[in-house]
Structures are given as structure tokens and as C-alpha cells.
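Participant: Got a structure for you, questions after.
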Amino acid sequence: MTFGEQPAYLRVAGDLRRKIVDGSLPPHARLPSQARIREEYGVSDTVALEARKVLMAEGLVEGRSGSGTYVREQPVPRRVARSGYRTGGASTPFRQEQADAGARGTWESSSEQTGAPAKIATRLGIEPGERVMRTRYVFRDAGETMMLSTSWEPLAVTGRTPVMLPEEGPLGGSGVVDRMAAIDVVVDNVVEEVGARPGLAEEIFLLGGVPGHVVLVIGRTYFASGRAVETADVVVPADRYRLAYHLPVR
């Protein structure tokens, strides 16, 4: 193989991908069988199999038990608005952020005390194993799971206060900024880092995706005078949503 030449399985996958994109293989159409690919492209069974694996990993096709492999209907990406962190409102930041997009947001949550994992401890600037309140969220729009989130708050900050449980008490669901203000902790900075990775099995199960699908991960941390008071990982399916940031000019 000369420099720059693609392996045979990628060339086959590329041609099949083109047919899917241009509609020659429309949604719900059956993908040519391994034998048909082998004959049509003049390749080995191994190459035909690897080409099909590429398309499946890209989420373009899906296997149906006892039936074959079919072209998936591709969703039209929708926006997840990230528009800053407003205070003083009755609604949660999730509802605030999605208001402009017309989302009908609902969520479920559960909180428990646990020891901080090493990576989370680093983000919070505490020792591994220090006690934190971990809260897991499942966010839905019109009944469809659209986003997952796990947050961690050091109990050295919120322990034995009315805001120790993020979704309970007088300020339950009010968001980090307002909850911290209630205990005289002034949040003055927030950092978000956005990355992508294959979704974990449990994430894909909750999000209704296909194994191997890529998710966007927003690593968000709130700070008060340089001290991290909350950090969270927000997980969004990359094939269905786009992050739209609305940042004020100062």
C-alpha cells in the first residue's frame, strides 16, 4: 500500500457511507450482505466484515437480531443552549438555559454521600476520599432523555447546612450559585471544558443510543474566591444535540 492510500475496508466503507448520505441506501434499507459486498467490491470476507463494522461504529447502520443490518434514520441535531448562570429566578439553571430553545425540561435526581474519586478530588482541590455529596441527574425533553449529569460538592463546604442536598430543602433545585449564596459562599467564576468520547454502556442505555456512539462531556466547575465548590460532568449524545454557547461581550 502506497503512502496516502486507504486500506480496502475503509474504501468500501467510504463508498457505502456515500450511498447512505446521498440516499441511495435510504433509512431502514437493508445493508448489502457480507457476501454481496465481497462480490460487488472484489474484496475478501475479512474486508467486507471490517467495512460493515466501520459503518456500525459510526452509527450509520444497526444490526437487527435474526434479520440483518439496516441503515439507521439519522436524527436532526437539536441545540442544547449554554447561556450563562443567572441568579434570583425560581426555575433551575437547566430550565433557564433551555427556555430559549423551547424545551419542555423535566428531570430526576438522586443524592448520596460518598468519598471523592481521585480525578474529582483533583478538580475540587481536596484529598481523594474526602466526603462529597454526589448527585446524579437524568434530564428529559418532552419525555426523551437528552442529558445526564453527575455533580460533586465538598461536604466541607455544604455539610450540616440547609443546602447540603441540592434538590431538597428551601433552596432545592435552585442551582449552585443561589444555593451557595444562601450559606455566604459567593460564586464568582465557572469553568467549562468540553470533550468527546465513546459513551459508557450505562450512559448509552439511559440515552437510548447505540453502543460505541460518541457523547459530548462538559466538565463544569464552580469557584468561589479560587476555591472549587462544585464540579460536574454533563453528558449529551453527540449525534442528537449540539452545544450552543451564548456568551456576553464585556
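The values are calculated or read from the model by the stated rules, or taken from the named source; none is laboratory data. What you see is a predicted model, and the numbers here were worked out from it, not measured in a lab. Here Cβ is always computed from backbone atoms with ideal geometry, including for glycine, and neighbour counts include all displayed protein chains. Note: accessible area is taken over every heavy atom of the protein model, side chains too, but ligands, DNA and RNA are not part of it. Shrake-Rupley method; radii C 1.70, N 1.55, O 1.52, S 1.80 Å.
Participant: Which of these, 32, 166, 211, has the largest mean-square fluctuation under a Gaussian network model of the chain (Cα springs below 10 Å)?
Facilitator: Result: 32 has the largest fluctuation of those listed.
Participant: Decide, for the stretch 162-228, between rounded, prolate and oblate: order the square roots of the alpha carbon gyration tensor eigenvalues as a ≥ b ≥ c, take rounded if a/c falls under 1.5, and otherwise choose prolate if a/b is larger than b/c, else oblate. Before the final figure, lay out the partial values.
Facilitator: Working: a/c = 4.60, a/b = 1.86, b/c = 2.47.
Oblate is the answer for the stretch 162-228, as a/c is 1.5 or above yet b/c matches or exceeds a/b.
Participant: Calculate what fraction, in whole %, of the accessible area of the chain sits on carbon and sulfur atoms when a 1.4 Å probe is rolled over the protein chains.
Facilitator: Numbers: 7280 of 13650 Å².
Whole-percent figure for carbon plus sulfur exposure: 53.
Participant: With a 1.4 Å probe and all protein chains left in place, how much accessible area per residue does the chain have, in Å²?
Facilitator: Numbers: 13650 Å² over 250 residues.
For the chain, the solvent-accessible area averages 55 Å² per residue.
Participant: While we're here: What angle do you read, to the nearest 10 degrees and between 0 and 90, between the alpha-carbon axis of helix 45-57 and the longest principal axis of the chain?
Facilitator: 30
Participant: Per DSSP H run of n ≥ 4, the term is -39500 (n - 2.57); total these for the chain, divide by its residue number, and report the mean residue ellipticity at 222 nm rounded to 500 deg cm²/dmol.
Facilitator: For the chain, the value works out to -7000 deg cm²/dmol.
Participant: Compute a Gaussian network model of the chain, connecting alpha carbons closer than 10 Å, and tell me which residue from 46, 135, 69 fluctuates the most.
Facilitator: 46
Participant: So what's the net charge close to residue 108: Lys and Arg +1, Asp and Glu -1, counting the other residues with Cβ under 13 Å from its Cβ? Walk me through the intermediate numbers first.
Facilitator: Working: positive: 136, 140; negative: 167.
So the surrounding residues net to +1.
Participant: Moving on. With just the Cα atoms of the chain, tell me how far they stretch along each of the three principal axes, in Å, largest first.
Facilitator: 71, 42, 39 Å, listed from the longest principal axis down.
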